[in-house]
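The values are calculated or read from the model by the stated rules, or taken from the named source; none is laboratory data. All of these numbers come straight from a predicted model, not from anything done at the bench. Cβ placement follows ideal geometry from the backbone for every residue including glycine, while neighbour counts extend to all protein chains displayed. In case anyone asks, the SASA skips ligands and DNA or RNA and just uses the protein heavy atoms, side chains included. Shrake-Rupley method; radii C 1.70, N 1.55, O 1.52, S 1.80 Å.
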Amino acid sequence: LEKIVEISRIFPKLKLVFIARDLVDRAWSALIMELRNQTSGLTAGSFADGSGIQTCHNARDPKKTKKSVMSVAQKRRMQELSSPSSQPDSYYMERLRNATHDSRSNYAKHLRNWYEHFPPETILIVDYRDIESDPRGTLSKIVQHIGLHEEEARKYVESLDDRVLGQRVNAATSDQLRIDDSTASIKSSQPSSSDYFLSQRPNLKRQMQKYLQHHAIEFNALLKEKGYLWRLDEYDGNGREMT
């Protein structure tokens, strides 16, 4: 909270954008990324650069580092260990209940902290699904929010190549990514959404939905309070939008 106060003091006219992803999707992606990082020898919150080169710090002299290139066999073994199927349901639920993961799922709590120090009109909450279904329209809304006039936003968005707007990189499954030379775009060799992976583990999916449901309900209450018409899934069978 102290950091928010400091940011508001230094940048009182700051425009903020919060992208809200389905809570189960977000949590699953974070859990898989954490598992991959741990397998790579990285601490939680650290990120690999995707080069296949590991940097080892010298304990006696932190300024000296040693880089080693992983062999194909090492990469294959690491991919096996970081596969979602390498851990039981109990592992993921234990990690989900961890204070860090639980806090990151509490959208409403964190947003209310920002609303305490910034006017509502400076904060734009974006539905992640809109990025997938209408990337141009969503981007136009965002750039207008941060200061571009409508005509300027329209020209900017129209200038972007479809491949740029449509390109999707899933960091949680980056070991499975490959380059398609014919289109120079990044594609995944396997479906990357949590729906695909969790459909193979319906019991885990139900447990995650039950655990995260109260966060979804609280966030949807905030959306209603701020005048938004869309809602996140509360895992009760209701639709996306409210009237």
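Taking the Cβ of THR100 as the center, what net charge do the other residues with Cβ under 15 Å away carry, scoring Lys and Arg +1 and Asp and Glu -1?
Combined, the nearby Lys, Arg, Asp and Glu give +2.
Given a 1.4 Å probe and the protein chains all in place, what does the accessible area of GLU6 round to, in Å² to the nearest 10?
For GLU6, solvent-accessible area is about 90 Å².
Report the net charge of residues surrounding HIS145, where surrounding means a beta-carbon distance below 11 angstrom and charges are Lys +1, Arg +1, Asp -1, Glu -1.
Numbers: positive: LYS15, LYS141; negative: GLU121.
Local charge sum for HIS145: +1.
Please list, by residue number, every one of the trypsin sites (Lys or Arg not before Pro) in the range 91-137 that is coil in DSSP and has at most 11 other beta-carbon atoms within 10 Å.
Numbers: sites: ARG95, ARG97, ARG104, LYS109, ARG112, ARG129, ARG136; in loops: ARG97.
In loop regions of the range 91-137 (DSSP not H, G, I, E or B), the sparsely surrounded trypsin sites (Lys or Arg not before Pro) are ARG97.
Between GLU218 and LYS155, take the C-beta separation as r, use R0 = 45 Å, and let me know the FRET efficiency to the nearest 0.05.
Given R0 = 45 Å and the Cβ-Cβ separation, E is 0.70.
Would you rank THR100, THR122 by solvent-accessible area, highest first, keeping every protein chain in place and using a 1.4 Å probe?
Descending accessible area places them as THR100, THR122.
Roughly speaking, what is the stretch gain from LYS3 to VAL164, that is 0.36 nm per residue apart minus the C-alpha to C-alpha distance, in nm to one decimal?
54.6 nm
On a 1.4 Å probe surface of the protein chains, which of HIS149, HIS110, HIS215 comes out largest in accessible area, and what is the full order? Walk me through the numbers on the way to the answer.
On the way: HIS149 130, HIS110 70, HIS215 5 Å².
Of HIS149, HIS110, HIS215, the descending order of accessible area is HIS149, HIS110, HIS215.
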